[in-house]
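Notes follow once the structure below has been shown.
The values are calculated or read from the model by the stated rules, or taken from the named source; none is laboratory data. All figures in this text were calculated on a predicted structure; none of them were measured in a lab. Here the Cβ positions follow ideal geometry from the backbone for every residue, glycine too, while neighbour counts run over all protein chains shown. Side chains included, ligands, DNA and RNA excluded: accessible areas come from the protein's heavy atoms. Shrake-Rupley method; radii C 1.70, N 1.55, O 1.52, S 1.80 Å.
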Amino acid sequence: MNDMNGANGTHNGTAHNVIVVGSGPTGLLLAGDLAAAGVPVTLVERRPHQISNLSRAFVVHARTLEQLDARPSPTTALDGRPAGAPLPRSLADEIEGRGQQLDRLRLFGHLTVDLSGLPSRFNHLLVVPQYEVEKALERRAVEAGVTFSYETEVTGLVQGADGVTLQVRHLQEGGGAGELSAAYVVGTDGMRSSVREALGLPFPGKSVIRSVVLADVKLAEQPENLLTVNAVGDAFAFIAPFGDGYYRVIAWNRAHDVPDTDPLDLDEVRATAKLALGRDYGMHEARWMSRFHSDERQAPAYRVGRVLLAGDAAHVHTPAGGQGMNTGLQDAANLGWKLAAVLNGRAAEALLDTYEAERHPVGRAVLRSSGGIVRMAMANRPWTLAARAALTTLLGRVRPARDRAVGQITGIDFSYPAPKGSHALVGKRIPDVRLEGGTRLYEALRAGEFVLILPQGETLKSETVRVAHWAGTRRTALLVRPDGYGAWARDSVPEGGVKSTDVPWEFAGYSLR
């Protein structure tokens, strides 16, 4: 692994194209995307190098899995894989092999949500520890050539017309103060982001609930449903399997509101689960437990000049719906190709403005949806309990309402603003359509390029756009962005076929030529 903090010094004043601050899932995906696109990138992390065995996030949703499917798996062998065994074809394939797929959820006693009809190759949610996601993303980043600078703390920053200078403190023995320079800096360094603080950006919001407890435990009895959620009175509990014999438990007792620093033992987790679920399923052998408070916050801007924010540095949500890590990974998928295009001379800097324009509304929507789930769980007055019962009944009986809610939580319903008069597919998530030759769209997207899908028999020469053909008789011409969203479309190909002049080679400041 490359490490800037070697025996030869700290590289003060060295110019990098991009510095990503924070080596969680968002930072690792973004850095890997940039390096894969040929952009020199350094990933700065305050902690020593290690993949934590703490499973903070634990759900990967359909849209995130689609984004990971658009990225090839690193060629380095997986932990424990026999020599010579075939490697997964994508990051999604690799991570799916490490978790438990769930296609049916049971919520609040009587609402069953069936994900098997989700219009995605990944018609389920994946329960997998965050550290397994990080392992895969780190392997890819290392293989792509990302430079890592561990035990390096950001203490300030200064922007200029052509770049950003970070003031840092090297925390390893013999280290000290220094500077790192880059054309752009991206803060992916979590809720207490030093990058956001150095920008002077506020982080408005509030703590929603305190003393939420998390535990990864074994169970003597398997729950009737693979994913169990319920709330009774002042107690709420959630149980989901990791697939390795352990279960994630999230529990909260309104009547036991204590500071995060108070000790936590398994007896407390059992007692809260029993209040909410009627039983504790014989919880034992906890490998990890933690107490935390849950905030809802969002930065007012995701871009300030040459500094950008993504993931928890830009937005934090309650754990309800498991959307936090997913939203950050999708931030990275949106930003990576745009930064690479600007730095590789393919786009004007104005393209970076579309990152905030597209992702800030999504972050706001996730705050609303995750907050709504928590407030349903917190309901304890007659009118709030009645509202929860009415909503769960509506979702159970009215399929469009249920599909809309599921689409928001899984991320497949989010779309981006499109210019007035655009085709209906512009800005929309494009499903993993079948292409001629038995391939799929998200396989074609693994090259990190725009993909132009044409009817069979049509040709268009291009050195900068990957040209593919529909598997069937569809006559639509569709240009798909590297992150899987529509950039341009035409319902029918004119007589004489698609000409170079038909395609808008300039897209939001991006030159496709």
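Do the conditions hold for K461, that is, is it basic (K, R) and at pLDDT below 85? In short, yes.
Just the residues that are open to solvent by 20 Å² or more (accessible area, probe 1.4 Å) and not aliphatic (A, V, I, L, M), please, taken from segment 278-290. Give the steps one after another, and end with the answer.
Of segment 278-290, the ones open to solvent by 20 Å² or more (accessible area, probe 1.4 Å) are 278-280, 282, 284-290.
Correct list: G278, R279, D280, G282, H284, E285, R287, W288, S290.
Are any residues in segment 245-277 over 17 Å from I209 (Cβ atoms) and either in contact (Cβ under 8 Å) with a residue 40 or more places away in the chain or open to solvent by less than 50 Å² (accessible area, probe 1.4 Å) (or both), and if so, which ones?
Listed by number, the residues that qualify are G245, Y246, Y247, R248, L266, L277.
Quick grid of which residues meet (1) open to solvent by less than 50 Å² (accessible area, probe 1.4 Å); (2) out of contact with any Pro (no Cβ under 8 Å at 6 or more places or on another chain); (3) modelled with pLDDT under 85; (4) of a type in the set (S, T, N, Q):
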residue	(1), (2), (3), (4)
G421	no, yes, no, no
H469	yes, no, no, no
R481	yes, yes, no, no
V493	yes, no, yes, no
G496	no, yes, yes, no
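For segment 288-295, the count of residues that are free of Cβ contacts under 8 Å to residues at least 40 places away in the same chain and farther than 23 Å from I409 by Cβ is zero. For segment 294-321, which residues satisfy the criterion of being of a type in the set (G, A, S), touching a helix residue (DSSP H, G or I) at 6+ places or on another chain (Cβ under 8 Å) and outside any strand (DSSP E or B)? Hits for segment 294-321 are A299, A301, A310, G311, A313, A314, A320, G321.
Of the listed requirements (1) in a loop (DSSP other than H, G, I, E, B); (2) modelled with pLDDT under 90, T501 misses just one: (1). Residues of segment 123-139 that are touching a helix residue (DSSP H, G or I) at 6+ places or on another chain (Cβ under 8 Å) and over 18 Å from A57 (Cβ atoms): N123 alone.
Residues are listed down the side, and each one gets a yes or a no for (1) among the aromatic types (F, W, Y); (2) closer than 30 Å to S370 by Cα; (3) open to solvent by less than 10 Å² (accessible area, probe 1.4 Å):
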{"position": "G407", "(1), (2), (3)": "no, yes, yes"}
{"position": "K428", "(1), (2), (3)": "no, yes, no"}
{"position": "R446", "(1), (2), (3)": "no, no, no"}
{"position": "F450", "(1), (2), (3)": "yes, no, yes"}
{"position": "T464", "(1), (2), (3)": "no, no, no"}
{"position": "Y485", "(1), (2), (3)": "yes, yes, yes"}
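A search for C-beta distances below 6 Å between a residue of segment 170-188 that is in contact (Cβ under 8 Å) with a residue 40 or more places away in the chain and charged (D, E, K, R) and any residue that is part of a strand (DSSP E or B) and open to solvent by less than 40 Å² (accessible area, probe 1.4 Å), counting only pairs 6+ apart in sequence or on different chains, returns E179/T165.
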